[in-house]
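These notes concern the structure reproduced below.
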Amino acid sequence: MKCDLTNAILTFVLCALVVTGAILTVQTINHARELNQLTAENLAINQNYARLQALANEVAAYNQKYPSPALTRILQGH
């Protein structure tokens, strides 16, 4: 009788651990996917920022060579 009760308790604990492990595995997979998505978005943002910065540098260089009051105002952010 005592052996059956111990067996049932250990079986229940094992099942609880298996379910907990499955839940944690699914959460880990979802978090990994989300991280990959955010990393890709961050890379795209950084690439766009680099392009924008390069364009701003080219415009500033052009404005140095061929000064324009309107372009100077735009570059100053006014």
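The values are calculated or read from the model by the stated rules, or taken from the named source; none is laboratory data. Source: prediction; values computed, not measured. Ideal geometry is used to build each Cβ from the backbone, glycine not excepted, and the neighbour counts take in all protein chains shown. When the accessible area is computed, the model is the full protein with side chains, heavy atoms only, and any ligands, DNA or RNA have been set aside. Shrake-Rupley method; radii C 1.70, N 1.55, O 1.52, S 1.80 Å.
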### Task
Filter the range 60-74 for residues that are open to solvent by 100 Å² or more (accessible area, probe 1.4 Å) and part of a helix (DSSP H, G or I) and give the result.
Tyr62, Gln64, Lys65, Arg73, Ile74
### Message
Among the residues that make up the range 36-50, is at least one of them in a loop (DSSP other than H, G, I, E, B), surrounded by 10 or more Cβ atoms within 10 Å (Cβ to Cβ) and of a type in the set (S, T, N, Q)?
### Response
no
### Message
Take the conditions at pLDDT 95 or above, within 30 Å of Ile74 (Cβ to Cβ) and among the polar types (S, T, N, Q) and apply them to Asn36. Does it pass?
### Response
no
